[in-house]
1. Angle between the Cα long axis of helix B:283-303 and the longest principal axis of chain B, 0 to 90 degrees, nearest 10?
2. Among A:LYS200/B:LYS130; A:LYS295/A:LYS363; A:LYS200/B:LYS203; B:LYS148/B:LYS274, which pairs are too far apart, with a Cα-Cα distance over 24 Å?
3. Which distance in nm do the two modelled labels at A:ALA2 and B:GLN232 give, with both placed 7 Å along the Cα-to-Cβ direction?
4. May I ask for the angle, rounded to the nearest 10°, between helix A:215-247 and the longest principal axis of chain A, with both axes built from Cα atoms and the value confined to 0 to 90°?
5. Between B:ASP270 and A:SER212, what FRET efficiency follows from the Cβ-Cβ distance if R0 is 35 Å, with the result rounded to 0.05?
6. Mind checking which aspartates and glutamates have their Cα closer than 19 Å to the Cα of B:LYS28? Skip sequence neighbours fewer than 8 apart in that chain.
7. With each label point set 7 Å from Cα along the Cα-Cβ vector, what nm distance links A:GLN224 and A:GLU386?
8. Where a ≥ b ≥ c are the square roots of the eigenvalues of the C-alpha gyration tensor, would you call the protein assembly as shown rounded, which needs a/c under 1.5, or, failing that, prolate if a/b is larger than b/c, or oblate?
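The values are calculated or read from the model by the stated rules, or taken from the named source; none is laboratory data. These figures come from a predicted structure and were not determined experimentally. Quick reminder, even Gly has a Cβ in these numbers, built from the backbone with ideal geometry, and neighbours come from all protein chains shown. When the accessible area is computed, the model is the full protein with side chains, heavy atoms only, and any ligands, DNA or RNA have been set aside. Shrake-Rupley method; radii C 1.70, N 1.55, O 1.52, S 1.80 Å.
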Amino acid sequence: MAQVKQFVSGNEAVAIGARLACPQVITAYPITPQTVAMERLSEMVGEGTLQAQFILVESEHSALSAAMGASAFGSRTFTATSSQGLLYMAECLHYASGGRFPIVMMNANRSVALPWSIYGDHRDSLSLLDSGWLQVYVEDAQEALDMILQAYAIAENEQVLTPVMVNLDGFTVTHTYEPIRVPSQAAVDAFLPSFAPAIKMDLAKPLNMGFSSTPADNMAFKYQQHQGAEAARCVIDQVDRSFGEHFGRPYGGLMEAYRCDDAELILITLGSVSGTARRVVDALREQGEKVGLVKIRFMRPFPREEIAAVARNARAVGILDRDISFGYEGAVYTNVNSALAGNGQVPPTLNFIAGLGGRDIRKEDIETMFLRLASAADGRPFQRVEFIHLGVMTDD
Amino acid sequence: MTEPVSKAAAKPVNARTLTEQEFFFGHKACAGCGGALAVRLALKVLGERTYAVLPAGCMSAVGFIYPQMAFGINAMISTFAGTASMLSGMAAAARAQGLNDVHLIGFAGDGGTADIGIQALSGAIDRNEKIIYVCYDNEAYMNTGTQKSGLTPFGAHTTTTPAGAMSRGAGNRKKNMFDIVTAHGITYAATTSIGHIQDFLNKIQRAAAVEGTAYIHVLAPCPTGWGIATDQTLAIAREAVDCGLWVLAEYEKGRYALTKTPQQFTPISDYLKKQGRFRHLLEKEVEEVERERDERWSYIRRHWNCL
Ligand SMILES: Cc1ncc(C[n+]2csc(CCOP(=O)(O)OP(=O)(O)O)c2C)c(N)n1
Ligand code: SF4
């Protein structure tokens, strides 16, 4: 299949992916570091290379409200946000998932105020893990483009009907230029059929869509919503396989295990830091260390069985969180522990908090994490939650 | 199928021609609810090719209790702040799908309009979305039990502005939504009252025919919150106009017009005394209300250029 090479930033890759998915309605509100994605889309609409209604709304709350209105009307919709904007639309996130609107949204991961910061961590999206959206975290521009396309296929699947948030690390992915392969429109059309929802507002058969329900019914709706998100497990795999067949780039679905087959020490990551971690794993493997990496791709649905299976023989598992639930631990750590405990596995698990507010996570930091894991695996005492590379305020 | 909208809009709707078809029935509004009447009548004018959006508030609460849906047309509850933005998304989708003979209407309360929803409304007017936005004004947050909103009039007792030894009811002035909306240079705006049904029908019809955003602000008394008998809704709505506290007006292409010009005002104290929420007002407070009415009218006479 024809795929054209292009040198673009992550934001531009998202815009290209969105264009190829042919959304009919795009709603936009700017926020760094997502802005360029929306600028590119508005250019495409301006040039006529994308036939979509592009509406410039007055807030993120309105961006998602408008997307819901369009989706209820039966249109494929796209929007993008980041950080404060994501939090500002928090009410609408729950609304969209409860209303089962298959909206796809890019989120440029960025820290949240206070202190103000435009740089990246995962506290924005992870704090909304319970909003009912499927959440995928990509590593680079190519994965960003590809996941926009996959996201529509997943969200719109009748078993799923759940909105999808495609997360890109702010600046690290959104602003880094990389060569990517752009599939042709014809190839995308063959992979992703146009949006034809079974349930939408219809003049021939009018529908009351968003409504209230009494305690007697509410739980049934929430159960169905849960079933939708659970069904996504299978659908994500199917879509990824189909995507692989169409474009030659499967991603492994919910997560990717790297050199984990005989790994005794496993580090679990999310997002772009996985690239750095992969290099460290390679270097340590060359030194004969049995280390491996798990890159979680989907935080919802969470790769419960997959992680438990990969970590079956691990002597220690480290979880790198670019977020923290203050007074407790990182969200990824909580989720991994739950997956392991649910499977009766109790290796030492260590929570490394790193890269908050855009702080760099260096190779040395990841080496430190593996050192800590080795020590814990050998039975030495360890700190459950540790801030890595804290900087000037530490003793070391 | 009903006739295309353009033709329907050309035929004047009045008591005789109003359809018997119901698009809002089986709802659970209180007896005598002015808001419910406004929704019901507006939908009769617009017909079945209409999509409605209602934010949190009484009309969504009484209209969409699963599985008893009260709307015979496509309709949906929006977030409290999101009426105009959800309508905007629908308008965009309608354009994308080439549906240009449908009506998109929102029905929001005074709180949903003048307070939390004003940003989205402002944005939609700014984009000149082809939507009809109806504010049914019952002068308080009724669905949560009669708390003060930005449109609660001076002196009104609400649960958050109680009348007691140290407090005198709502202290501030009713926000002037009509002026706020017309200051945007909106395509069409009108104030009306559910006590003047023909005026309301005319304005909905007018709104349906314009190419762009239309805003209709309808005074819609709430017997429960106002402390009036359930059969007094229309009478009290009329009286608000007769005593000069509410104005029936239109705005289009930069021009203002009154659709009813009272020659002489009926006494404000009569209007206030009929309502439980004003029962505590002292004479000097009534005079204060009167003074403000006169100021408003003198503003209208000076600025609207229509008397
Ligand atoms: C974001 C948000 N804040 C508060 C509420 C609670 N709430 C529901 S309805 C309502 C009052 C609505 O008042 P108004 O818009 O005047 O309409 P009415 O109830 O009078 O019809 C409030 C405060 C809500 N649903 N959402
Ligand atoms: S409380 Fe008032 S506005 Fe609400 S349904 Fe009852 S009468 Fe109507």
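1. For helix B:283-303, the angle is close to 50 degrees.
2. Violating the 24 Å Cα-Cα cut-off are A:LYS200/B:LYS203.
3. 7.7 nm
4. The answer is roughly 80 degrees.
5. The pair B:ASP270/A:SER212 has a calculated efficiency of 0.35.
6. A:ASP217, B:ASP137, B:ASP231
7. With each label placed 7 Å out from Cα toward Cβ, I get 4.9 nm.
8. prolate
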